[in-house]
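The next block holds one structure in the form of structure tokens; read it before the comments.
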Amino acid sequence: MNNQEDLDREEYELIKCLGRKYRGKYQWPPFVSMIPDQLPWMINQEESLLLKDILLKLNTFLSDTENLSEKVPSFGENLLVIQENGELTLLSMDELIEKALQNPVLKLDISELE
């Protein structure tokens with residue numbers, strides 16, 4: 001969620017076109033896709049249909065759940081991570097940052113000096 005001033009004009013116009021109103025900081029939903037190593041872009045029709053389906057299912061799940069804490073696992077300060085080999089691991093944010101710094105995903109096509 002973003003502040004209103006952080007939205008692109010297209011995102012703001014889409015929200016207004018839908019007749020939605022949000023107030024306060026970090027209450028405005030962005031409608032952009034973000035993939036590492038790529039610039040963000042407005043969601044396309046396929047992504048919007050997928051998002052709609054996910055939100056409807058999430059709404060159904062949450063409205064049918066009397067005691068959410070019993071059905072949704074909580075890992076405290078840790079995050080559940082799926083390793084490349086498919087193994088599930090609990091890691092803290094510090095461990096995730098340390099791991100990312102050890103094995104950088106980004107590789108430069110040319111030398112940074114060039």
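Since every read-out is calculated from the coordinates, none of them should be taken as a lab result. The structure displayed is predicted, hence computed values, not measured ones. Because the Cβ atoms are built from the backbone with ideal geometry, glycine has one as well, and the counts that use them run over all protein chains shown.
Tabulated data for the structure shown
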quantity	calculated
Full-extension gain in nm, Met34 to Asn85, via 0.36 nm per residue minus C-alpha separation	15.9 nm
Net charge contributed by nearby residues that have their C-beta within less than 12 Å of Glu11 (K/R +1, D/E -1)	-2
Extended-chain gain in nm, criterion 0.36 nm per residue less alpha-carbon gap, Asn59 and Lys21	11.8 nm
Gyration tensor verdict on segment 1-47 (Cα atoms; rounded if a/c is under 1.5, prolate if a/b is larger than b/c, oblate otherwise)	oblate
